[in-house]
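Here the structure is laid out as structure tokens; the discussion comes afterwards.
The values are calculated or read from the model by the stated rules, or taken from the named source; none is laboratory data. Keep in mind it's a predicted model, so treat the numbers as computed, not measured. Here the Cβ is made from the backbone with ideal geometry for all residues, glycine too, and neighbour counts use every protein chain on show. Areas reflect the complete protein model, heavy atoms only, side chains present, ligands, DNA and RNA absent. Shrake-Rupley method; radii C 1.70, N 1.55, O 1.52, S 1.80 Å.
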Amino acid sequence: MPERIEIREAEQKKEIPCDDEIGFGEIFTDHMFIMDYDGDNGWHNARIEPYSSLEIDPASSFCHYGQMTFEGMKAYRDVEGEPTLFRPEQNGRRLRRSNRRMCMPEIEAEFFVEAVKTFVDLEKRWIPEKEGTALYIRPFVLATESYLGLKPSEEYRFIIIASPVGPYYPAGLKPTSILVETEYVRAVKGGTGEAKTAGNYAKSLKAQKRAAEKGFDGVLWLDGREREYVEEVGAMNVFFRIDDTVITPSLMGTILPGITRDSVLKILRDRDIDVEERKITIEELAEAYRQDRLKEAFGTGTAAVIAPIGRLQYGDLNMEIDLEEPGELTRSLYDQLTGIQRGRLEDKFNWTVKV
Ligand SMILES: *Cc1c(COP(=O)(O)O)cnc(C)c1O
């Protein structure tokens, strides 16, 4: 990996929007991190330069075959106003695994964290302050060799951009309504479901669009083989509370191993709550609902942190779980996780990293 990161600062800095005006991923900071890869030099020329358009050869392999991976993470301001990251080494490790799956050269997790820290330090004036806001960081890797033959590219670019994001729930944590998708699937065993790679998301749009047209906020994905087992909710991992046991689908190749998912599991186990990572069928959920034992459901992911599921529509069965208010456990997990991220609560798991 490169020894140093060259910095060329923007001469003109942009105006920063006030905290109440920011949406999600609409505006970008003054700079971007770029690093190149080719067969002779490996990863080289790590640099931060003014944010600008990329010059892309239209024959670049990522444009045609989607050889591309990405990450999503956030920088927060803690209670003292210090820029803080949440488990960034986990994003670095996951990007390595995604790259390996997509035949792309790996980036060492330590270098990944160093690059993110250097970049966020330069852009720290962009980290908003208000509760629920953050600087969203998007590292990604593109295959850039100009060649139309189908084979792993010999050239790549690793880029990091960042965008200030407003609260995911401007009006407070709000239950969502979710349609169980019984036709389209997100992933199959042996496919790329556990890698954060572009094609997974392009192919999910159709189901999301159809659900939105019917008035739902998102879809619950079932497994690609039997359409029986629950996998994820939108681009989030999913948890259910049945009686006093919390259940999340086990990672078996089709599910993206979320860092929020892992953090929630660690918090639940630390609280001595019964947790099960296992296969769970939609029929088991329906049965639990009919018996009034399905108490809470929520998604987990960096963007929303915790997304309460208020209603789950499966065929004709309308499962109304928590229509008005998120459940007690859902809320307490949201409060604990965001509390740790913002430095309000003790970081007993050593998850936060100062920039
Ligand atoms: C990124 C992602 C998640 C959540 O991962 P986090 O590390 O918690 O942000 C879950 N599912 C899918 C499909 C994802 O792409």
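The table below gives the values:
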item: Every residue from segment 303-316 that is surrounded by fewer than 21 Cβ atoms within 10 Å (Cβ to Cβ) and out of contact with any strand residue (DSSP E or B) (no Cβ under 6 Å at 6 or more places or on another chain); result: Ala303, Ala304, Gly315, Asp316
item: Restricting segment 181-225 to residues that are in a strand (DSSP E or B) and of a type in the set (A, V, I, L, M), the residue that is nearest to Glu283 (Cα to Cα); result: Leu222
item: Out of Val185, Val230, sole residue that is β-branched (Val, Ile, Thr), more than 21 Å from Ile306 (Cβ to Cβ) and over 18 Å from the mean Cα position of the chain (by Cα); result: Val185
item: Residues located in segment 251-277, provided they are in a loop (DSSP other than H, G, I, E, B), open to solvent by less than 70 Å² (accessible area, probe 1.4 Å) and within 16 Å of the ligand (Cβ to nearest atom); result: Gly253, Thr254, Ile255, Leu256, Pro257, Gly258
item: Some residue of segment 331-341 being more than 21 Å from the chain's Cα centre (by Cα) and modelled with pLDDT of 95 or more; result: no
item: Strands (runs of 3 or more DSSP E) enclosed by segment 1-119 - at least 2 residues per element that are of a type in the set (Asp, Glu) and farther than 23 Å from Asp262 by Cα; result: 31-38
item: Matching residues in segment 292-315 - criterion: being of a type in the set (Lys, Arg) and either within 15 Å of the ligand (Cβ to nearest atom) or assigned to a strand (DSSP E or B) (or both); result: Lys295, Arg311
item: Filter result for the condition that a residue is touching a strand residue (DSSP E or B) at 6+ places or on another chain (Cβ under 6 Å), closer than 29 Å to Glu89 by Cα, open to solvent by 30 Å² or more (accessible area, probe 1.4 Å) and of a type outside the set (Ser, Thr, Tyr), over Arg125, Arg138; result: Arg138
item: Subset tally (residues that are open to solvent by 10 Å² or more (accessible area, probe 1.4 Å) and either among the small types (Gly, Ala, Ser) or part of a helix (DSSP H, G or I) (or both)) for segment 141-151; result: 2
item: Residues within segment 162-173 that are surrounded by fewer than 23 Cβ atoms within 10 Å (Cβ to Cβ) and either in a strand (DSSP E or B) or not aliphatic (A, V, I, L, M) (or both), tallied; result: 8
item: Which numbered condition Ile159 misses (of (1) surrounded by fewer than 19 Cβ atoms within 10 Å (Cβ to Cβ); (2) part of a strand (DSSP E or B); (3) in contact with a helix residue (DSSP H, G or I) (Cβ under 8 Å, 6 or more places away or on another chain)); result: (3)
item: Pick from segment 226-236, criterion open to solvent by 10 Å² or more (accessible area, probe 1.4 Å) and in a strand (DSSP E or B), ranking: nearest to the ligand (Cβ to nearest atom); result: Met236
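Conditions (1) at pLDDT 95 or above; (2) within 16 Å of the ligand (Cβ to nearest atom), marked per residue:
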position	(1), (2)
Glu129	no, no
Arg138	yes, yes
Leu150	yes, no
Lys174	no, no
Glu183	yes, no
Val188	yes, yes
Gly191	yes, yes
Glu194	yes, yes
